[in-house]
Amino acid sequence: MANPSPPGITLAAFNSASPQAAERDVLACCGSRSFAKLVAEGRPYRDQAELQAAVDATFNTLSWDDIVESMNEHPRIGERTPGGGWSAAEQSGAASASDQVRQALAEGNVAYEKRFGHVFLICASGLSGREMLTQLEARLGLDEEAERVVVRHELLKITRLRMTKLLSL
């Protein structure tokens, strides 16, 4: 499922990495192959601002299929991930939630997947299990088009956060 989190590297090291290594590192931040290829091909980046602008611009070109491809690399909220990685740290609020909240998240995940056909995606960093559950319940009431807008926004937040972690920025 999720790509393991690579060790942090510098922007200079990212810029000088082989195309395959750069794509692999970006793929750990966003599971869309198109995204990883385009960001890697855009190197070298002068600074953090130029890279973040490229991340945003590239993200805006992604098709819904690219978004789904990336979502498929994310575990369900509250699910333990083998080997930990970024998802485990990002979802620590769910892991430390009460049994009742964890059970409600598990049930909500199933209802969400039945309704929308994909995993519930939220930038969980800094959120409690209760906050994640509240968002999940609210988003179950959205129509498909509105939920796609929210999913894109949440995935972009996750991608930005992970790119920052990757590049020790």
### Query
Is at least one residue of the stretch 141-161 hydrophobic (A, V, I, L, M, F, W, C), at pLDDT below 95 and either farther than 11 Å from residue 77 by Cα or under 18 Å from the mean Cα position of the chain (by Cα) (or both)?
yes
### Residue count for the stretch 111-160, restricted to those that are hydrophobic (A, V, I, L, M, F, W, C) and free of Cβ contacts under 8 Å to residues at least 40 places away in the same chain
11
### Considering residues of the stretch 111-133 that are open to solvent by 70 Å² or more (accessible area, probe 1.4 Å) and at pLDDT 95 or above only, the residue farthest from residue 56 (Cα to Cα)
114
### Task
Sort out which residues of the stretch 143-168 are surrounded by 15 or more Cβ atoms within 10 Å (Cβ to Cβ) and either of a type in the set (S, T, N, Q) or outside any helix (DSSP H, G or I) (or both), and write them in order of number.
159, 164, 167
### Summary
Those residues of the stretch 122-131 which are part of a helix (DSSP H, G or I) and either within 19 Å of residue 70 (Cβ to Cβ) or in contact with a Ser or Thr (Cβ under 8 Å, 6 or more places away or on another chain) (or both) amount to 129
### Query
Does at least one position in the stretch 111-124 carry a residue that is under 30 Å from residue 17 (Cα atoms) and out of contact with any helix residue (DSSP H, G or I) (no Cβ under 8 Å at 6 or more places or on another chain)?
no
### Query
List the pairs whose first member sits in the stretch 14-29 and is modelled with pLDDT of 95 or more, whose second member is basic (Lys, Arg), and whose Cβ atoms are under 6 Å apart, counting only residues at least 6 apart or on separate chains?
15/43; 23/37
### Number of the condition not met by residue 76 [criteria: (1) modelled with pLDDT of 95 or more; (2) in a loop (DSSP other than H, G, I, E, B)]
(1)
### Summary
The number of residues in the stretch 8-56 that are open to solvent by 30 Å² or more (accessible area, probe 1.4 Å), touching a Pro at 6+ places or on another chain (Cβ under 9 Å) and either of a type in the set (Lys, Arg) or more than 22 Å from residue 155 (Cβ to Cβ) (or both) is 6
### Task
Within the stretch 26-81, track down each residue that is among the polar types (S, T, N, Q), more than 16 Å from the chain's Cα centre (by Cα) and farther than 12 Å from residue 163 by Cβ.
61
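The values are calculated or read from the model by the stated rules, or taken from the named source; none is laboratory data. Quantities reported herein were computed from a predicted structural model and do not represent experimental measurements. When we count neighbours, we look across all protein chains shown, and the Cβ atoms used for this are built from the backbone with ideal geometry, even at glycine. Accessible surface areas use protein heavy atoms only, side chains included; no ligands, DNA or RNA. Shrake-Rupley method; radii C 1.70, N 1.55, O 1.52, S 1.80 Å.
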